[in-house]
1. Taking the residues in the range 250-276 that are among the hydrophobic types (A, V, I, L, M, F, W, C) and not in a strand (DSSP E or B) as candidates, determine which candidate is farthest from GLY200 (Cα to Cα).
2. Have a look at ALA184, ALA247 and point out the one that is at pLDDT below 95, part of a strand (DSSP E or B) and touching a Gly at 6+ places or on another chain (Cβ under 7 Å).
3. What is the one condition in (1) within 28 Å of ASP267 (Cβ to Cβ); (2) exposed (fewer than 14 other Cβ atoms within 10 Å of the Cβ) that VAL110 does not satisfy?
4. Quickly run through the range 126-155 and pick out the residues that are of a type in the set (Val, Ile, Thr), surrounded by fewer than 22 Cβ atoms within 10 Å (Cβ to Cβ) and either without any contact (Cβ under 8 Å) to a residue 12 or more places away in the chain or part of a strand (DSSP E or B) (or both).
5. State the number of residues belonging to the range 1-53 that are over 13 Å from the mean Cα position of the chain (by Cα) and of a type outside the set (Lys, Arg).
6. Give the residues of the range 133-167 that are out of contact with any Ser or Thr (no Cβ under 9 Å at 6 or more places or on another chain), closer than 22 Å to GLY227 by Cα and not β-branched (Val, Ile, Thr), sorted by residue number.
7. Looking only at the range 84-94, decide whether some residue is more than 23 Å from the chain's Cα centre (by Cα) and at positive phi.
8. Out of the residues in the range 71-83 that are more than 26 Å from the chain's Cα centre (by Cα) and surrounded by fewer than 13 Cβ atoms within 10 Å (Cβ to Cβ), state the one that is nearest to ALA60 (Cα to Cα).
Amino acid sequence: MTNHDWYIVFSTNVTPGFVTLTVVPTGPSMLLTTVNFGGREEMGHYRVEVPQERGKELRAILTAADVSSLPDPEPSLPTTPFVFVGEGQVGSPPAERRAFPVDAVPDPLVPVLDAVHGLAQELLEHPYRAIRGVAGPIAPVFTPGQDLAVDLTLENIGVAPLVLRNPAGARSAAEVGLQLGVNALSSEGLRGPGALLRFGRDEVARVDQDGATPPADQRSEIELEPGEILQLRMRKPVLMSLGRYDAYVLYRSFIERPDVQRSVLGDLRVSAGTFRFGGSMQNTGS
């Protein structure tokens, strides 16, 4: 391989998705995330042209690790997360790809992964086709007999149009792809028993920024221009113990025949703040 036709690829399977970084000496290097990564509530495609010297440094660190000579890892469980490392010639699959359990990475590979993680964090500052989620209950207190309601806003934070799943246009309950996790909180703020609530077709609606519900949206997929948002409201009658809870939303974007160049796919977890079930915030000392 010449100094200009190589690429390095790093990938890790993070349940329920993966993160992949591809570094090239010229043109944009790319980061693809199908789950939360780097402490952010976002996922998608990120890209930026890395200075050639930076790419050469990373390649030199990889060469020094002599990955091909590292011993094979011990057998592990199918659910074990792995990190994959490969180098190849542009236009061809990696000539060799090695895989190691995340919790048993050989010492020579540690400097490589440190450099990769730093570069991946930098790419997160350059979203190309990516979404960010923000969620929260529509009220701080819900009373028995009142639906629990939470809003989720998904924004295209990139510079290119994208396509993603629209739960409000699901054709079946299986296609909704929205769940709400709730955990009881003690008076000291410690998490207790939790539950995962699933939503049916009639329990999710698209809303505007004022909370109004526009006419039913029948599209199971939706295109967002840069800066545009998809705002959803989830409602569900629940029977819960009185007390304080924190919540999070799980959003799954899946498309039957995805245009991989335009689609954002994966599973995003979005914090949804806290709420109280029963009584008032004032009367409960919160």
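1. VAL260
2. The match here is ALA184.
3. Status for VAL110: all satisfied but (1).
4. Matches in the range 126-155: VAL134, VAL141, THR153.
5. 28
6. Residues satisfying the conditions are ASP151, LEU152, GLU155, ASN156, GLY158, ALA160, PRO161.
7. Within the range 84-94, one or more residues are more than 23 Å from the chain's Cα centre (by Cα) and at positive phi.
8. PRO71
The values are calculated or read from the model by the stated rules, or taken from the named source; none is laboratory data. Note that this is a predicted model, so its numbers are computed, not measured. We place every Cβ from the backbone using ideal geometry, glycine too, and count neighbours over all the protein chains shown.
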